[in-house]
Amino acid sequence: MTSGATPLGLGVLASGRGSNLQAILDACARPGFPARVVVVISDRERAQALERARAAGVEARFINPKDFADREAFDLALVREFTARQVGLVCSAGFMRILSPVFVRAFAGRVVGVHPALLPAFPGLHAQRQALAYGVRVAGATVHFVDDGVDTGPIILQASVPVHPDDTEETLSARILLEEHRLYPDAIRLFAEGRLTIAGRKVLIR
Ligand code: GRF
């Protein structure tokens, strides 16, 4: 970011612990980082992510999916909240709901997510457990644009980690998580600096 430029406004979606949110908040606090979190929204009232947002002085909102007739109605409420705050990039960070096409269309090319596997391997839930069960020797993390599918959007950044013979789901998850925390702010910086172009399945980085 050139000095004086307005930082990109981030809207973060999180359902739980919020360690990726924390990595994003920490990055945004660094001088010169070209983005800042304007709101964190959770579908779970007691999500630790909401506490992390408040501790960082960021607006934290619980939106109860049960208050809406269906998934689209809930997602439209999310669209309204983000639009009202001029959010330029939505970051899904441990958000345990699939975003519907109405949301993805409203923020086309402006939604990113993190997944604890080297996509396209092991999409969906329990990626680390899937990797261990499959017997892979290398696992990793992916930050990608979000599309209508489950972990199918164009890949922005990936990092690999070794799988050790004595790994458990917990030890492997912890090793991957460190990479998620590194990659996510890097990808946000690239987006905020206007250096990412989606070309079909590929993301070009300038
Ligand atoms: C991360 O591993 C993320 O990739 C996965 O769920 C975990 C969320 O962790 N989808 P946190 O809430 O960011 O700590």
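The values are calculated or read from the model by the stated rules, or taken from the named source; none is laboratory data. Computed from a predicted model, the values in this text were never measured in an experiment. Virtual Cβ from ideal backbone geometry, glycine too; neighbours counted across all protein chains shown. Surface accessibility is based on the protein's heavy atoms, side chains included, excluding ligands, DNA and RNA. Shrake-Rupley method; radii C 1.70, N 1.55, O 1.52, S 1.80 Å.
Numerical summary
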item	result
Subset of the stretch 163-182 (residues that are open to solvent by 70 Å² or more (accessible area, probe 1.4 Å) and not in a helix (DSSP H, G or I))	His164, Pro165, Asp166
Counted residues, the stretch 120-148 - those being among the polar types (S, T, N, Q) and within 10 Å of the ligand (Cβ to nearest atom)	2
Selection count, the stretch 176-192, where residues are without any contact (Cβ under 8 Å) to a residue 40 or more places away in the chain and within 11 Å of the ligand (Cβ to nearest atom)	2
Candidates Phe103, Phe33, Phe95, Phe74 - the one that is closer than 22 Å to Thr152 by Cβ and assigned to a loop (DSSP other than H, G, I, E, B)	Phe95
Checklist (1) away from the ligand (no atom under 16 Å from the Cβ); (2) more than 17 Å from Ala192 (Cβ to Cβ); (3) free of Cβ contacts under 8 Å to residues at least 12 places away in the same chain; (4) of a type outside the set (Lys, Arg) applied to Pro31, failing item	(2)
Complete set of residues in the stretch 183-201 that are in a helix (DSSP H, G or I) and touching a Leu at 6+ places or on another chain (Cβ under 9 Å)	Leu183, Tyr184, Asp186, Ala187, Ile188, Leu190, Phe191, Ala192
Count - residues of the stretch 106-117 that are part of a loop (DSSP other than H, G, I, E, B) and within 12 Å of the ligand (Cβ to nearest atom)	2
Selection from the stretch 19-57 of residues that are among the small types (Gly, Ala, Ser) and more than 23 Å from Ser100 (Cβ to Cβ)	Ser19, Ala23, Ala27, Ala29, Gly32, Ala35, Ala53, Ala55, Ala56, Gly57
Long-range neighbours under 8 Å by Cβ, at least six apart or interchain, first residue farther than 10 Å from Leu183 by Cβ within the stretch 139-151, second basic (Lys, Arg) and outside any strand (DSSP E or B)	Ala139/Arg175
Sole exception among (1) closer than 20 Å to Val12 by Cβ; (2) in a helix (DSSP H, G or I); (3) free of Cβ contacts under 8 Å to residues at least 60 places away in the same chain; (4) of a type outside the set (S, T, N, Q) for Phe82, by number	(3)
Unmet requirement for Val90, which otherwise passes all of (1) β-branched (Val, Ile, Thr); (2) open to solvent by 60 Å² or more (accessible area, probe 1.4 Å); (3) under 21 Å from Gly18 (Cα atoms)	(2)
